[in-house]
Amino acid sequence: MRRHSALGALLLGLMLMSAGSALAQSESELTYAEYRAIAQTAVQLKHCAMFEPLDGEVGMNLVVGDRFGKLNVFRMLPGDQRELVWTSRQLVGAVMEVLVADLDVDSLDDHLVCRTQRHVYVFKLGDFFQAYETESGRYNDIRAFTVANVDNDPAAEIIINADNKLYYLDGANFSDEYTSLNDFQATRIRCGDVTGDGRNEIVLDTGQVVNASTGEVIWGDETFGPRLELLDVDGDGILEVLTEGDGTPLKVWDIDFRQEKRF
Ligand SMILES: [Ca+2]
Ligand SMILES: [Ca+2]
Ligand SMILES: [Ca+2]
Ligand SMILES: [Ca+2]
């Protein structure tokens, strides 16, 4: 009897240990190497994006926009475990770019925004409800887009370069708010305050810096590289424009001084 209870205690102990280790495994976080691999893909590829699970669950969500016209969201879990969280319905055209966006500007991402050649689609992050789809015939050729707040209403706008014009789409009710008079043919758009006046400019890879409120081109003397980002590198409180291309060195531009920066 005593031997049996000793064996039982041992078995119970082993079961608890294995349950404990399974629990520890399922609750463990992504390793830094795992996280970096996901982030590298999401950041480098226009067709991919990532967002944290909304309820603080383990892992990271990776959005993959495919050329067959679907968005696929995978939960990337520790130890190479993956779950397909959601696949969109068939969209019109190959997915060209995916963004995770904070449309209500509360510093928390809330929507997936993607574009095909002729359509922009918006899906809510929580339940993937489709919040918006461009009506047919609105655009013929969408080349670039981004999300930023460029006017006085509190929601962010979706800024679209299509058919050689810039368009603003309201991020709350998705109404058309603006069409540019000037022509633009960008393949990358970024938006931020690069002049330090507290108002956002739109920066295009083709080199134009545009006052987002008026549509006026405030600087266009240089052509930027096909990849560009805005970041305050020197800590002066004003965003610099960082540009590069394949085979060309990085250039950092101080738009407020209209010149290339040397550190
Ligand atoms: Ca938000
Ligand atoms: Ca706005
Ligand atoms: Ca500005
Ligand atoms: Ca700066």
Original post:
For the subset of region 138-154 comprising residues that are of a type in the set (A, V, I, L, M, F, W, C) and closer than 17 Å to Gly192 by Cβ, which member is nearest to the chain's Cα centre (by Cα)?
Top reply: Val147
Original post:
Do any residues in region 163-179 that are farther than 13 Å from Val120 by Cβ have Cβ atoms under 6 Å from those of residues that are assigned to a loop (DSSP other than H, G, I, E, B) and aliphatic (A, V, I, L, M), where the two are at least six apart or on different chains, and which pairs are they?
Top reply: Ala172/Ala155
**OP:** Taking the residues in region 40-58 that are aliphatic (A, V, I, L, M) and under 11 Å from the mean Cα position of the chain (by Cα) as candidates, determine which candidate is surrounded by the most Cβ atoms within 10 Å (Cβ to Cβ).
**Re:** Ala49
**OP:** Could you list all residues from region 206-261 that are β-branched (Val, Ile, Thr), away from ligand 3 (no atom under 14 Å from the Cβ) and farther than 14 Å from Ala186 by Cβ?
**Re:** Val233, Thr248, Val252
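Starting from residues that are surrounded by fewer than 18 Cβ atoms within 10 Å (Cβ to Cβ) and not polar (S, T, N, Q), keep the ones in region 156-169 and report whichever is nearest to Arg115 (Cα to Cα).
Initially, region 156-169 is screened for residues surrounded by fewer than 18 Cβ atoms within 10 Å (Cβ to Cβ), giving 163-165.
So of that shortlist, the ones also not polar (S, T, N, Q) come out as 163, 165.
Numbers: Asp163: 14, Lys165: 16 Å.
The residue in question is Asp163.
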Original post:
Has region 234-251 got at least one residue that is in a strand (DSSP E or B), within 14 Å of ligand 4 (Cβ to nearest atom), buried (at least 18 other Cβ atoms within 10 Å of the Cβ) and not hydrophobic (A, V, I, L, M, F, W, C)?
Top reply: yes
Subject >> Filtered residue count, region 209-231, keeping only those that are outside any loop (DSSP other than H, G, I, E, B) and of a type in the set (Asp, Glu) >> reply: 1
**OP:** Kindly check whether there is at least one residue in region 194-208 that is under 28 Å from Phe263 (Cβ atoms), under 19 Å from the mean Cα position of the chain (by Cα), within 16 Å of ligand 4 (Cβ to nearest atom) and assigned to a loop (DSSP other than H, G, I, E, B).
**Re:** yes
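Among the residues that make up region 59-74, is at least one of them within 30 Å of Val122 (Cα to Cα), surrounded by fewer than 14 Cβ atoms within 10 Å (Cβ to Cβ) and at pLDDT below 95?
Looking for residues that are within 30 Å of Val122 (Cα to Cα), surrounded by fewer than 14 Cβ atoms within 10 Å (Cβ to Cβ) and at pLDDT below 95, one finds none in region 59-74, hence no.
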Subject >> Residue in region 136-144 that is out of contact with any Leu (no Cβ under 6 Å at 6 or more places or on another chain), in a strand (DSSP E or B), small (Gly, Ala, Ser) and within 16 Å of Cys191 (Cβ to Cβ) present >> reply: yes
Original post:
Within the set of pairs 6 or more residues apart or between chains, which connect a residue that is free of Cβ contacts under 8 Å to residues at least 60 places away in the same chain and more than 16 Å from Asp153 (Cβ to Cβ) inside region 90-108 to a residue that is within 16 Å of ligand 2 (Cβ to nearest atom) and in a loop (DSSP other than H, G, I, E, B) with Cβ atoms less than 7 Å apart?
Top reply: Leu108/Asp102
Original post:
Mind checking whether some residue in region 99-107 is within 14 Å of Lys46 (Cα to Cα), away from ligand 1 (no atom under 11 Å from the Cβ) and either modelled with pLDDT of 95 or more or not in a strand (DSSP E or B) (or both)?
Top reply: yes
Original post:
Quick one: is Val147 closer than 22 Å to Leu54 by Cα and either among the hydroxyl-bearing types (Ser, Thr, Tyr) or surrounded by 15 or more Cβ atoms within 10 Å (Cβ to Cβ) (or both)?
Top reply: yes
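The values are calculated or read from the model by the stated rules, or taken from the named source; none is laboratory data. Everything numeric in this text was worked out from a predicted model, so none of it was measured. Quick reminder, even Gly has a Cβ in these numbers, built from the backbone with ideal geometry, and neighbours come from all protein chains shown.
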